[in-house]
Amino acid sequence: MTSYIRTKTNDPLSFSKEVSKTLLLEIAWEVCNQVGGIHTVIRSKVPTAISRWGHENYCLIGPYIHGNVAAVFEPISDDGNDLVSKAVKAMRGMGYEVHYGYWLVAGRPKVVLFNPWNEAWKLVECKKDLWERHKIPSGDGNPLLDNVIMLSEQITKFIEVLSDINNYEKNVIAHFHEWMVGLSIPEIRRRQLPVISVFTTHATILGRYLAMNDPNFYTNLTRDRYAWDFWATHYNIMPEVAIERAAAHGAHVFSTVSRVTANECRYLLGREVDAVMPNGINLERFEAMHHFQNLHIEYKKKIHEFVMGHFFQSYSFDLDDTMYFFTSGRYEYRNKGFDLTLEALARLNAKMRFHGINKTVVAFFITKQPYYSINPHALQSRAVMGEIRKTVDQIQREIGDKLFYKVTRSKGNVMPNLNELVDESMRLRLRRTVQSWKTDSLPMVVTHNLINDSQDEILDFLRKANLVNNAHDRVKVVYHPDFVSSINPLFGMEYNDFVRGCHLGIFPSYYEPWGYTPLECVASGVPAVTSDLAGFGDFVANNLSRSDYEGIYVVKRRHGNFDQSAEDLAETMFRYVCLNLRERIDLRNATERSSVHFDWEELEKYYIKAYRMGLEKAKTDFKVV
């Protein structure tokens, strides 16, 4: 299996000479276009890339298709003397619509964006050339594939123009992320353009499909039981897989994000990975110094408000003895480990009841599923609780004024009767509002009215396991099938703030090439669970000593025994529940310290190693400066 590179040649300082005479083009579908996790990878790495390469030697390339692209893009002139500006000016002179400017994220990198549909007039011809030159089918009626083909045509032309202008004065490295932009690679090689090509697959297309549908995916993978062309045809993804394979085989350097995915590439893409380049995180975005404990308390109070509105209408429990666990991500029930998390929570509930643990765990499932609306009962409960809050605040103000007056004019140390200080009408109003709010019904499990309620796998498990927020259960579940944001009427807070307010993140994925969610937890000082089948978990377990990743728990799933993995996860959660307050604070401190190992400043060395490898390999093809 491909290993992470840990040699002294990774030293970033030794790469300064190459940087000064090299232009790095980083190309991705998610530049200025947030779709999934790759957007986080690219955006979070920008400050480190700029500090290494500078604005003159670093530029991003992507599509101009996002509806709100103007909000994150600032146009600049093409009058500069740098190589990218000259290439942009030349392209515009040929009649191409080229958007050139700054991406308004930390680091403000230069970006070149192309509208795919500018090439719509020659789409048929592009598809014909794609088949005749590279034997890549393109099909019909697939809008994403059509956009990919048209965008790649413009990217290839841009690189060709830039190469002509450059005339070997600088080395040019083109780093392509994922198949959506990788289509340019085989054509660049066919035209013999003097460009070092690096291709990174963050997850193979075929692997994701197979993992979702085959419970023995990893066993069958290592036994080489998958004929890629048969299964690509079976899942109707042959064009995408063919593009991915062509990019992987055409690149000077083929890379992926973890050893787990490197093994997948070997069997499904037919090429050994040259380098593993793990994903990092920009810690400055999460940095709170010594305030992160205070932020935990602050945002936990906001979660308390949600929990009170959601549960206290039916029954109450001690919030001081309540812990908030959560999992989040795309709704891939098995791949994301939702099935394992649910089974472990059911076992945790039984363990807590058996051992008489008088604490409460509220487990949040934050994902995205189609729904009609927020459950009106949830909204009504929040609204009525708001009225209770207003009434209590008004009573508090009235009591304060009257109490101050009574105490200052009283003789001796006799305290007045506080009940007498509350106006009868206010007492009646409060009593009526509380009575109208209380109910005998169980707190709802799901916060929204789902379109496919009867077919939802999370709800199906909860109903069968009777984990439906019974008063006697120590584990409660809140299934929220939408993103958490500040405009969300139920939470009213950003996702990152929600994470800070929780106690434990649970992400025991079955298929996860890397996994940013546990990494974001760690950066926020929140302990997290991952798995040895996730790239992040594999990196932690194989590259760091135990003292370096305190607060990160790696559940063993590689053995393929679901029951054992569920028990391991349940035990991990149970041990956490049994910690006292002081121990949980110490663990959060240790978790936050662990995050330094995943900063881009630390992980940049893997990229530098890959780029240097590309420079060496390209020497056999063309002149390298």
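Values as computed for the structure displayed
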read-out: Some residue of segment 180-190 being closer than 22 Å to V273 by Cα, small (G, A, S), assigned to a helix (DSSP H, G or I) and out of contact with any strand residue (DSSP E or B) (no Cβ under 6 Å at 6 or more places or on another chain); value: yes
read-out: Within segment 470-481, considering residues that are touching a Ser or Thr at 6+ places or on another chain (Cβ under 8 Å) and in a loop (DSSP other than H, G, I, E, B), the one nearest to E583 (Cα to Cα); value: R474
read-out: Residue match in segment 107-128 (condition: within 29 Å of the chain's Cα centre (by Cα), assigned to a helix (DSSP H, G or I), surrounded by 15 or more Cβ atoms within 10 Å (Cβ to Cβ) and of a type in the set (D, E)); value: no
read-out: Matching option when the condition is in contact with a helix residue (DSSP H, G or I) (Cβ under 7 Å, 6 or more places away or on another chain) and within 30 Å of R52 (Cβ to Cβ), among K556, K605, K623; value: K605
read-out: Some residue of segment 452-463 being in a loop (DSSP other than H, G, I, E, B), at pLDDT 80 or above and crowded, with 17+ Cβ neighbours inside 10 Å; value: yes
read-out: Odd one out for N417, checked against (1) out of contact with any helix residue (DSSP H, G or I) (no Cβ under 8 Å at 6 or more places or on another chain); (2) at pLDDT 95 or above; value: (2)
read-out: Hits in segment 38-91 - residues which are surrounded by fewer than 19 Cβ atoms within 10 Å (Cβ to Cβ), in contact (Cβ under 8 Å) with a residue 60 or more places away in the chain and not in a loop (DSSP other than H, G, I, E, B); value: T40, K86, A90
read-out: Cβ pairs under 7 Å, 6+ apart, first in segment 148-175 and touching a residue at least 60 places away in the same chain (Cβ under 8 Å), second surrounded by fewer than 23 Cβ atoms within 10 Å (Cβ to Cβ) and basic (K, R); value: I165/K86; Y168/K623; K170/K21; N171/K21
read-out: Top-ranked residue in segment 524-563 [being within 29 Å of P215 (Cα to Cα) and of a type in the set (G, A, S); ranked as surrounded by the most Cβ atoms within 10 Å (Cβ to Cβ)]; value: G537
read-out: Single unsatisfied condition, N236 versus (1) of a type in the set (S, T, N, Q); (2) in contact with a Cys (Cβ under 7 Å, 6 or more places away or on another chain); (3) without any contact (Cβ under 8 Å) to a residue 12 or more places away in the chain; value: (2)
read-out: Only one of S316, S255 that is hydroxyl-bearing (S, T, Y), without any contact (Cβ under 8 Å) to a residue 40 or more places away in the chain and not in a helix (DSSP H, G or I); value: S316
read-out: Selection from segment 587-607 of residues that are over 15 Å from E284 (Cβ atoms) and of a type in the set (A, V, I, L, M); value: L587, A590
read-out: Hey, V499 among the aliphatic types (A, V, I, L, M), farther than 30 Å from E264 by Cα and not in a strand (DSSP E or B) or not; value: yes
read-out: Residue identified as in contact (Cβ under 8 Å) with a residue 12 or more places away in the chain, in contact with an Asp or Glu (Cβ under 9 Å, 6 or more places away or on another chain), of a type in the set (D, E, K, R) and in the same structural domain as E169 (by TED's automatic domain parsing) among R558, R612; value: R612
read-out: In segment 69-86, the residues that are more than 20 Å from V31 (Cα to Cα) and either out of contact with any helix residue (DSSP H, G or I) (no Cβ under 7 Å at 6 or more places or on another chain) or acidic (D, E) (or both); value: D79, G80, N81, D82
read-out: Failed condition for K21, given (1) within 16 Å of the chain's Cα centre (by Cα); (2) at pLDDT 85 or above; value: (1)
read-out: Breaking point among (1) among the small types (G, A, S); (2) assigned to a loop (DSSP other than H, G, I, E, B); (3) surrounded by 20 or more Cβ atoms within 10 Å (Cβ to Cβ), for S441; value: (3)
read-out: Where a residue in segment 383-405 is more than 21 Å from L490 (Cβ to Cβ) and its partner, wherever it lies, is of a type in the set (K, R) and surrounded by 14 or more Cβ atoms within 10 Å (Cβ to Cβ), with Cβ under 6 Å and at least six apart; value: T391/R429
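Residue by residue, here is whether (1) touching a residue at least 60 places away in the same chain (Cβ under 8 Å); (2) crowded, with 21+ Cβ neighbours inside 10 Å; (3) not assigned by TED's automatic domain parsing to the domain that holds S138 holds:
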| site | (1), (2), (3) |
| --- | --- |
| F230 | no, no, no |
| R245 | no, yes, no |
| L268 | yes, yes, no |
| M277 | yes, yes, no |
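To keep it simple, each residue is scored yes or no on (1) at pLDDT 95 or above; (2) surrounded by fewer than 22 Cβ atoms within 10 Å (Cβ to Cβ); (3) under 31 Å from the mean Cα position of the chain (by Cα).
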residue: N166; (1), (2), (3): yes, yes, no
residue: V172; (1), (2), (3): yes, no, yes
residue: F176; (1), (2), (3): yes, no, yes
residue: W179; (1), (2), (3): yes, no, yes
residue: E187; (1), (2), (3): yes, no, no
residue: R190; (1), (2), (3): yes, yes, no
residue: L193; (1), (2), (3): yes, yes, no
residue: T200; (1), (2), (3): yes, no, yes
residue: A211; (1), (2), (3): no, no, yes
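The values are calculated or read from the model by the stated rules, or taken from the named source; none is laboratory data. Here the structure is a predicted model, which means the values were calculated and not measured. Quick reminder, even Gly has a Cβ in these numbers, built from the backbone with ideal geometry, and neighbours come from all protein chains shown.
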